Amino acid sequence: MRVISPKLAELAELHFGRKIRQPTLEELKAFYSRAEGLLNHPVIWFEAPQRQALVEAIGDVVARERFTCWACAVLSNHVHILVRKHRMLRDEMRTVIQTECVQRLHELGLVPADHPVFSDRACDVFKNDVPAVRNCIQYINANFSKHNLPLTIYPFITPYNDWPLHNRRTKATR
């Protein structure tokens with residue numbers, strides 16, 4: 001694990017995982033204040049219009065590409081999305097979703113035209129068993145309250161059916 005930007009690497013020592021002693025609110029605010037001045041673009045907070053545009057863009061991609069989306073949370077400063085394995089590779093899926101989202105925000109004038117919106121490196125994690133998928137869905141849905149937003153199940157979300165085990169159960173009952 002490494003910090004890609006040398007100027008940001010100077011802000012703090014790199015630490016993997018959760019620290020035993022979490023920083024105080026004052027320490028976090030000071031860190032973000034120092035970091036913001038070193039960023040290549042201003043920080044964007046997704047207010048209601050930006051969040052709505054992102055939800056619509058994601059929904060359009062899910063429908064067009066025939067993704068199965070089990071959970072999604074468009075939050076104040078980031079997005080979580082859980083999509084089932086697909087013929088596209090995960091990098092392609094991420095690129096298609098991010099590109100649509102950025103284009104939508106730019107077209108609607110909701111962010112500066114030269115702003116990339118998303119960081120250079122998204123976090124991708126495979127969830128390949130039923131308990132891991134269920135835990136991820138709970139984690140994503142819990143993020144709404146952490147951001148003081150109401151839990152929202154978007155129209156493009158498909159209820160999780162224990163895939164891939166549901167096929168085995170269906171065949172076993174026939």
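Taken as a whole, the condition of being under 21 Å from the mean Cα position of the chain (by Cα) and not polar (S, T, N, Q) does not apply to Ile20.
Evaluated against (1) surrounded by 15 or more Cβ atoms within 10 Å (Cβ to Cβ); (2) within 16 Å of the chain's Cα centre (by Cα), Trp45 falls short on exactly one condition, (1). Across segment 127-156, the number of residues qualifying as of a type outside the set (Phe, Trp, Tyr) and not in a helix (DSSP H, G or I) comes to 11. Considering only residues that are in contact with a Leu (Cβ under 6 Å, 6 or more places away or on another chain) and modelled with pLDDT under 95, which ones fall in segment 144-157? Selection gives His147 alone. Considering every residue within segment 107-119, establish whether at least one is modelled with pLDDT of 95 or more, of a type in the set (Phe, Trp, Tyr) and out of contact with any Ser or Thr (no Cβ under 8 Å at 6 or more places or on another chain). Taking every residue of segment 107-119 in turn, none turns out to be modelled with pLDDT of 95 or more, of a type in the set (Phe, Trp, Tyr) and out of contact with any Ser or Thr (no Cβ under 8 Å at 6 or more places or on another chain).
Could you pull out every one of the helices (runs of 4 or more DSSP H) wholly within segment 1-109 that has 3 or more residues that are of a type in the set (Val, Ile, Thr)? So that I can check it myself, show each step before the final result.
Numbers: elements: 6-9, 25-36, 48-65, 90-107.
Counting at least 3 such residues, we get 48-65, 90-107.
The values are calculated or read from the model by the stated rules, or taken from the named source; none is laboratory data. All values reported here derive from a predicted model rather than from experimental measurement. Here Cβ is always computed from backbone atoms with ideal geometry, including for glycine, and neighbour counts include all displayed protein chains.
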